[in-house]
Structures are given as C-alpha cells and as structure tokens.
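Structure, as structure tokens:
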Amino acid sequence: MSTNVNLLGKGFKYLAILVFLFIASPIALTMSFKALKKFENTANESLSYIILPIAGILVIFTIYFAFKTFKILLKAIFNK
C-alpha cells in the first residue's frame, strides 16, 4: 500500500480551494441577506435578490466539492 503522490498533490490543491470556498460561501450568503434588509423598497433590492440564489448555489457547490476533495484524498492515501 503506497501513496499516489500525483493524486495527493491534486487533492491538496482541491483542499486549498475548498478552504477558500468554506470562507467565501457563508460570507456571500450573509451579505445577500443583509442586502435584503438594508435595500428594502429601493432600486438595489433586485440586486440582492440576484445575489441570494447565487450564494445559495455556492453553498451547495461547496458541500459537493468537499465530498469530492475528501474522496480524492482518501483514494490517494489508501489506494490498492
């Protein structure tokens, strides 16, 4: 049982991206909800309604990407 170094490097790159997504997606979601509250009954309210689904999709993608990243890391460490 040896470690696949190339796949492990790819997994660490994905892990770095994942850390960024773990920080960026909740911030985007929080900003969109705060924009909904702040821009109530103004012209910028439509902008906050556009940002909200994008932030929700980003959160769902982050969860998917986390599973994908850890699957790659496990495959790199415990290959046959």
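All of the numbers you see were taken from the coordinates with simple rules; none came from a lab. Everything numeric here is computed off the predicted structure, so don't read it as measured data. Glycine gets a Cβ as well: all are built from the backbone with ideal geometry, and neighbour counts include every protein chain shown.
Assorted remarks:
- Test: SER2 is in a helix (DSSP H, G or I) and polar (S, T, N, Q): no
- Reported count of residues in the stretch 13-59, each being hydroxyl-bearing (Ser, Thr, Tyr) and touching a helix residue (DSSP H, G or I) at 6+ places or on another chain (Cβ under 7 Å), is 4.
- Extreme residue, nearest to PHE39 (Cα to Cα), among residues of the stretch 51-74 that are in contact (Cβ under 8 Å) with a residue 40 or more places away in the chain and hydrophobic (A, V, I, L, M, F, W, C): PHE61
- Any hit, the stretch 44-65, residues being among the aromatic types (Phe, Trp, Tyr), surrounded by 12 or more Cβ atoms within 10 Å (Cβ to Cβ) and under 14 Å from the mean Cα position of the chain (by Cα): yes
- Considering the stretch 5-43, and only residues there that are assigned to a helix (DSSP H, G or I) and polar (S, T, N, Q), the residue that is farthest from the chain's Cα centre (by Cα) turns out to be ASN6.
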